Amino acid sequence: MVPLSAYVAVSAVLFITGLLGVLIRRNFIIVLMSVEIMLNAANINLVAFSHYLDSMAGQLVALFIIAIAAGEAAVGLAIIIVVFRGKISTNVDEMNLLKW
Amino acid sequence: MALVFFAYFALVSIAAGVLTVALKHPVHCGLALLALLLHVSGLFILLNAEFLWAVQVVVYAGAILVLYLFVLMLLNLKTDERYFHSSFLYFLAPASLGSLYVLFLLFKSPFKGAKGDAPITAVLQEGDTYAVGIKMFSDYLLQFEIVGVFLLGAIIGAIVLAKTPKAIDDAGER
């Protein structure tokens, strides 16, 4: 029997990997992919607790997270296309129109 | 046996996550993300969440990842010469220290909590999909509807954003 803390550890490592990706990568699409990694880490956590604590709630929240990730990907990629059309770059350092 | 499968899925998903962040070419990153998603779905199987496994494979690996790859191919990116943050080495040490501390805390905790009302034997009697459906359309109906409206808004927003502008204004760069 795999202990619950093993699942939580995998989830923590994946979450930190994704967070590091958001912080250090400069390509907008890969930043979005890192966000997907973090959402998956949260999903592992929710499903593991749902299994070990005999509750259905975690799996349902994980389902809602997947739906919201789909919406996030669609809107984020549309924003990337709009930015790319104007600036021919997906580097997040060059998107500074709203900075002052 | 479950331990072997857990070790395989966990190690490969962590390796794929690191590759997603570390690889240089965006398409390779997308393929590493595909490996990550499929192995995370394997973890869901180990946790008796078959419906979530199916949703993960169909929606994540089938739809979201194809969307990412489609946009990558559409934009035809060349790899940037400078693809990390300029001072990313300063992030690495705090991140590894913080993750070690978090892991230490996690392995120390017993994770005892109040048990819910869906024990595994009862769920396996009818199947996980049945249990998820009963729960979703009774207790979580409002959240379900909210997610539906949210997805509709996301679709409309994506179409409006990605639509080609009708007239090229005189200040256009091209």
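Checking the structure you have, find out if any residue of segment B:159-172 is part of a helix (DSSP H, G or I), surrounded by fewer than 12 Cβ atoms within 10 Å (Cβ to Cβ) and at pLDDT below 80. No, because not a single residue in segment B:159-172 is part of a helix (DSSP H, G or I), surrounded by fewer than 12 Cβ atoms within 10 Å (Cβ to Cβ) and at pLDDT below 80. If you go through segment B:96-112 one residue at a time, do you hit one that is crowded, with 17+ Cβ neighbours inside 10 Å and among the hydroxyl-bearing types (Ser, Thr, Tyr)? Among the residues of segment B:96-112, at least one is crowded, with 17+ Cβ neighbours inside 10 Å and among the hydroxyl-bearing types (Ser, Thr, Tyr), which makes the answer yes. The set of residues in segment B:117-133 being at the interface with another protein chain (Cβ under 10 Å from one of its Cβ atoms), farther than 20 Å from B:PHE144 by Cβ and either assigned to a loop (DSSP other than H, G, I, E, B) or in contact (Cβ under 8 Å) with a residue 12 or more places away in the chain (or both) consists of B:PRO119, B:ILE120.
In this structure, B:LEU47 does not qualify as surrounded by 14 or more Cβ atoms within 10 Å (Cβ to Cβ), more than 7 Å from chain A (Cβ to nearest Cβ) and free of Cβ contacts under 8 Å to residues at least 60 places away in the same chain. Exactly one residue out of B:VAL4, B:VAL40, B:VAL18, B:VAL55 is at negative phi and more than 9 Å from every other protein chain (Cβ to nearest Cβ), and it is B:VAL4.
Could you list, in sequence order, the residues of segment A:69-100 that are within 13 Å of the chain's Cα centre (by Cα) and within 7 Å of chain B (Cβ to nearest Cβ)?
Filtering segment A:69-100 for residues within 13 Å of the chain's Cα centre (by Cα) gives A:69-73, A:76.
Within segment A:69-100, A:ALA69, A:ALA70, A:GLY71, A:ALA73 meet the criteria.
Right, A:ILE66: more than 16 Å from B:LEU74 (Cα to Cα), facing chain B (nearest Cβ under 7 Å) and not charged (D, E, K, R) or not? If you could, list the steps in order and put the result at the bottom.
On the way: more than 16 Å from B:LEU74 (Cα to Cα): yes; facing chain B (nearest Cβ under 7 Å): yes; not charged (D, E, K, R): yes.
Taking the combined requirement at face value, the residue satisfies it.
The values are calculated or read from the model by the stated rules, or taken from the named source; none is laboratory data. None of the values given here were measured: they were computed from a predicted structure. All Cβ positions, even for glycine, are placed from backbone atoms using ideal geometry, and neighbour counts span all protein chains on display.
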